[in-house]
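Bear in mind that the values in this text are calculations on the coordinates, not laboratory data. Here the structure is a predicted model, which means the values were calculated and not measured. Cβ placement follows ideal geometry from the backbone for every residue including glycine, while neighbour counts extend to all protein chains displayed.
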Amino acid sequence: MRSTAKAAAHPNIAFIKYWGNRDNDLRIPANGSLSMNLEGLETQTTVSFDSALEQDQLVLNGEPAGEGALERVSSLLDRIRNLAEINTRARVMSENNFPTGTGIASSASAFAALTLASVTALGLCLTEKELSQLARTGSGSASRSIPGGFVEWQAGTDHDSSYAETIAPPEHWDLVDFIVLVSREHKKTGSYQGHRLADTSPLQKIRVADAKRRLDICRKALLEKDFPTFAEIVELDSNMMHSVMMTSTPPLYYWQPGTLEIMAAVQSWRMEGLPVCFTIDAGPNLHLICLKDASEAVKRKLGALINVKSILTCTPGGPAYLLEPEITGV
Ligand code: PMV
């Protein structure tokens, strides 16, 4: 038997962040989160189930992947093989159209594309909700890269209740995300270990207890396109996640001098009336979110800052999608 499918998915940027799990194996998060898919960046993944293979194989951007990455991919494939009631191994080839080693998280787009391609190759007919649940088990934020546009991930309490859904389509709000690279260094502690450290911070309980309030404010501001309220809550949520990171044992310090320079600049630009805010994931680089009308002004101002190494520009993106179903001899 040989069956192949190719799928693509965008990464996403969380406005209300996911940090810490109530179940690490199933990746049931401690709190709900809200994000936007990033048009302009994507992962394309080809999965071929092939009876001739003795083991799963993984090629990332043309290079054979390390043990850790292959294990994570195989465990998602096992879940999908169980659903299809087969045991056939697969060859997975995954490419990002964005530069690797820049600290831009690719696990969300990678596991979303892997899920859609694998399920399609095996001829399984799953709903968007089921795809999101499966992608979540590979990488939590991947659950949010299955649906399109602006997406909310219901934390839930078990596998069935934890999945993401669109709350508004990409065309709902003309936002621009400038990903501002201040460092090309590879981050020392990735989110896999980071989630496991969250509960060692005395601040995590407080962050989680207040998460529904922040989510409600953010969702409403987004649906009503109220940028000032949106900006305040997005920055607060990012700062609260980094407070947890910095007070974990051991502490995680992701910010660098360049990060702080740009955080301060964004605050003063907003005080001058420019609709822009920042949010920062598990690394030193920033995402500056602004209204499209203000994007030229933001870009000009960024050009004058010495710590800016490079900038990627994204707009609200669609759902994970299929490129090539090609099923033979199942
Ligand atoms: O899905 P993971 O395990 O890569 O975790 C993502 C964590 C953050 O990017 C820091 C926050 C988020 O909600 O995307």
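Just want to confirm a number: the relative contact order over region 76-181, from Cα pairs under 8 angstrom separated by 6+ residues, in percent. This gives 21 percent for region 76-181. Of interest is the spacing of the C-alpha centroids, which for region 121-139 and region 276-330 amounts to 25 Å.
Taking region 87-166 as the region of interest, what is the percent of Cα-Cα pairs per 10 angstrom bin, listed from the shortest bin to the one with the maximum distance? With a bin width of 10 Å, the distribution comes to 19, 47, 28, 6.
Residue pairs exceeding 31 angstrom between C-alpha atoms, taken from Lys17/Lys301; Lys205/Lys309; Lys220/Lys292: Lys205/Lys309. Taking each residue as 0.36 nm, the span from Arg213 to Glu272 lengthens on full extension beyond its C-alpha to C-alpha distance by 18.4 nm. Among DSSP beta bridges lying fully in the chain, give the percent that are antiparallel, nearest 5. Bridges in the chain are about 95 percent antiparallel. Only the Cβ atoms of Lys and Arg (+1) and of Asp and Glu (-1) were treated as charged; on that basis the dipole of region 1-138 about its Cα centre amounts to roughly 260 debye. Entry note, the chain: the mean residue ellipticity at 222 nm calculated from DSSP H runs of n ≥ 4, each adding -39500 (n - 2.57), is -11000 deg cm²/dmol after division by the residues and rounding to the nearest 500. Fully extending the segment from Ile86 to Ser161, taken as 0.36 nm per residue of separation minus the present Cα-Cα distance, adds 24.4 nm. In terms of packing, defined here as the mean over residues of other Cβ atoms within 10 angstrom, the peptides 288-298, 120-130 line up highest first as 288-298, 120-130. For the pair Asp25 and Ile206, the difference between a 0.36 nm per residue extended length and the Cα-Cα distance amounts to 62.8 nm. Annotation: peptides 306-317, 148-159, ranked by per-residue average of other Cβ atoms within 10 Å with the highest first, follow the order 148-159, 306-317. The loop-placed GluC sites (Glu not before Pro) in region 4-109, going by DSSP, that have at most 16 neighbouring Cβ atoms within 10 Å of their Cβ come out as Glu54, Glu85. Using the 2.2 N^0.38 Å rule of thumb for compact globular proteins, work out how region 186-330 stacks up: its C-alpha Rg over that value, please. So region 186-330 has a normalised radius of gyration of 1.25. Report relative contact order for the chain in percent, whole number only (criteria: Cα-Cα under 8 Å, sequence separation at least 6). Dividing the mean separation by the residue count of the chain yields 27 percent. Over the chain, the ratio between the Cα radius of gyration and 2.2 N^0.38 Å evaluates to 0.98.
Computed from the Cβ-Cβ distance with R0 of 56 Å, the FRET efficiency linking Glu296 to Met1 stands at 0.55. Taking Cα centre as origin and charging only the Cβ of basic (Lys, Arg, +1) and acidic (Asp, Glu, -1) residues, the dipole magnitude of the chain rounds to 620 debye. Is any helix in the chain, taking whole DSSP H runs, at least 30 angstrom long along its axis by alpha carbon and on average at least -0.5 on the Kyte-Doolittle scale, and which ones? Qualifying helices: none. Ranked by the mean number of other Cβ atoms within 10 Å of their residues, highest first, the peptides 225-231, 86-92 fall in the order 86-92, 225-231.
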